Structures are given as structure tokens and as C-alpha cells.
Amino acid sequence: MPSNAELLAIALNVARRAGEVARQRRADGVEVAATKSSLVDIVTQADREAENLIRSAISAARPNDGFLGEESGGGEGTSGLTWVVDPIDGTVNYFYGIPSYAVSVAVVEGDPDPLTWRTLAGAVVNPVNGEIYTASAGGGAHLNGERLRVKESTDLELALVGTGFGYDAQVREKQARILVELIGKVRDVRRIGAASLDLCNVAAGRLDAYYERGLNPWDHAAGALIAREAGATVGGLGDAPASAALIVAAQPGLYAQLDPLIQAAFADWVL
Ligand code: LIP
């Protein structure tokens, strides 16, 4: 079994290469290649090209590992490791030219299920501003090589909280109603549009907390490890790990204040 540092080196290499492809294709001009779960859930040719690059490079470096990618789906391996990849997280930002999107590459041990996997390494690369977030299990989290540590705590009413909304209109309406319950209790809210960057912002202290329901595994696989290795508490619905049902990430002291409010707000929304 390779070391976490060796796995991180692979994740970082392929994320940086894919980020350069995404950046260049954006500069060349981007068009919608297809829609997925709804008319606003889009995929571009660059998404597909970036994921193909990542999948091929990982297959060459780690031929027995599994793969789970947003655009090309899954592929079982025999090594017990699976690479969980979002080639362009923040696809709508990318399509509109908003400079907040990232390549997210993580490698997990066990089944590719956020409720049971153990994330070993992850990299999130924003090719627009050159910010490279990395983490390995037990090895800490870094931004461009500088160690990241979250603040110990922030009072709830002073907390800057990130969140996001889904591609289904009825889901967005429910998410908005929950936001109405919370927004008056915190400093303010930010909707950045890429879960991987939201989680990295928590790790970097640029957000005090982040929560969202409806994420795919590839949206949060790397960012959740980066936030956790920076000292954030990361959890899900009730006592479960983060998953599509819910992800909450915050400084430990703030998590204790905010999570009960979030859990109560989601309690009426039966999945
Ligand atoms: C996005 C997430 C974001 C969420 C968006 C979308 P994508 O992922 O990163 O947090 O609010 O609806 O799911 O589709 O850009 O890879």
C-alpha cells in the first residue's frame, strides 16, 4: 500500500494538469455539451476532457485502484482504494466565466461511499488564482505549501457561513426556506458555487462554517479532508458522516453552536 504522501503526490499532479486544461478551455470559450439531472445541471466538453485526463493518468499510475468520477462514473478496483474526482467543481461558475471553480481529486480507502470510506489524501486546485489546497490523513492541510489551521471558535452571530443549492427547483426552494431560518442568526451567508472551495475556505478561515444538502461524493471528498486536517469538525445528518443528506463543516466551537440549528432546520425535510 502506498503512503498517504505518495497518494497525495499523484492527486496533486493530476489535479494541476487537469486544472491547466480547464483554464485553457475556458479562455478558448466554453459551451454546454449536455445537461444531466435538469436543464441547469450542465456538463461542458472541458469537464469531460479534464476527467479523461485524470482517469487515464490515475489508471497508468494506479491500475488496480477504483475510480468514481462525476462525468464518467465508476469503475471497481482490486486494491481497496478508489479515486473520487470532480474534474470541474463549480461547473456553472465555469460556464459563466466566474473565477470560482476547482479540480477536486481525492483517494479513499474502502467502499466508495461517503458514509463508510476513509479519505487518505486530497487536492483541490483553483486554476484561476493558482491556489492549491492539499491534505493527507494525519499529515495536515496546506494552501500552496503553507499549513492551514481553523480558528478555535467564533460566536454564532459573528459567523460567516457558506452554503449551496441544488439543480432541482423544488430542492432549491426547500434549501432557501432553511436558509431563511438560519440567516438572521449568523453574520452573513456566502454562496460561492463550488463545494470543494467552500470546504477549503473553511480550512483557510475565509468561511467560519459551511453546510449543504444534496452534494455528490466527488463534490466534498477532497475538501472535507482538507477542512478536517485543518482542524474543522466535519459531519453529516445526525451523527452520520458527511454525505448527500447533509454536510456541515465548521471550527469546533462554532460547530457545537451551529450544528444543532442546522439539524433542527432539516428535521422537517424527510429524504
Ligand atoms: C456544485 C457544488 C455546489 C452545489 C452546486 C453543484 P458541480 O457541483 O460544488 O456546492 O451548490 O449545485 O452541485 O455540479 O459544479 O460539480
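Laid out as a table, the results:
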item: Pro87, sole failed condition from (1) over 22 Å from Leu8 (Cα atoms); (2) within 11 Å of the ligand (Cβ to nearest atom); result: (1)
item: Positions within the stretch 199-223 being open to solvent by less than 10 Å² (accessible area, probe 1.4 Å) and of a type in the set (A, V, I, L, M, F, W, C), in sequence order; result: Leu199, Cys200, Val202, Ala203, Leu207, Ala209, Ala221, Ala222
item: Any chance Val150 is at pLDDT 95 or above, β-branched (Val, Ile, Thr) and within 16 Å of the ligand (Cβ to nearest atom); result: no
item: Residues that are out of contact with any Gly (no Cβ under 8 Å at 6 or more places or on another chain) and in contact (Cβ under 8 Å) with a residue 12 or more places away in the chain, drawn from the stretch 169-194; result: Ala169, Lys174, Ile178, Leu179, Glu181, Leu182, Lys185, Val186, Arg187, Asp188
item: Matching option when the condition is crowded, with 21+ Cβ neighbours inside 10 Å and in contact with a helix residue (DSSP H, G or I) (Cβ under 6 Å, 6 or more places away or on another chain), among Ala46, Ala57, Ala33; result: Ala46
item: Qualifying positions in the stretch 158-188 - exposed (fewer than 12 other Cβ atoms within 10 Å of the Cβ) and in contact with a strand residue (DSSP E or B) (Cβ under 7 Å, 6 or more places away or on another chain); result: Asp188
item: Selection from the stretch 195-235 of residues that are within 12 Å of Ala250 (Cα to Cα), outside any helix (DSSP H, G or I) and touching a residue at least 60 places away in the same chain (Cβ under 8 Å); result: Ala204, Ala230, Gly231, Ala232
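Matching residues to (1) within 12 Å of the ligand (Cβ to nearest atom); (2) modelled with pLDDT under 95; (3) closer than 28 Å to Arg23 by Cα; (4) part of a strand (DSSP E or B):
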{"position": "Ser100", "(1), (2), (3), (4)": "yes, no, yes, no"}
{"position": "Glu157", "(1), (2), (3), (4)": "no, no, no, no"}
{"position": "Val171", "(1), (2), (3), (4)": "yes, no, no, no"}
{"position": "Val186", "(1), (2), (3), (4)": "no, no, no, no"}
{"position": "Gly193", "(1), (2), (3), (4)": "yes, no, yes, no"}
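The values are calculated or read from the model by the stated rules, or taken from the named source; none is laboratory data. As the structure is a computational prediction, the values presented were derived from the model and not from experiment. Reconstructed Cβ throughout: ideal geometry from the backbone, glycine too, with neighbour counts over all protein chains shown. Side chains included, ligands, DNA and RNA excluded: accessible areas come from the protein's heavy atoms. Shrake-Rupley method; radii C 1.70, N 1.55, O 1.52, S 1.80 Å.
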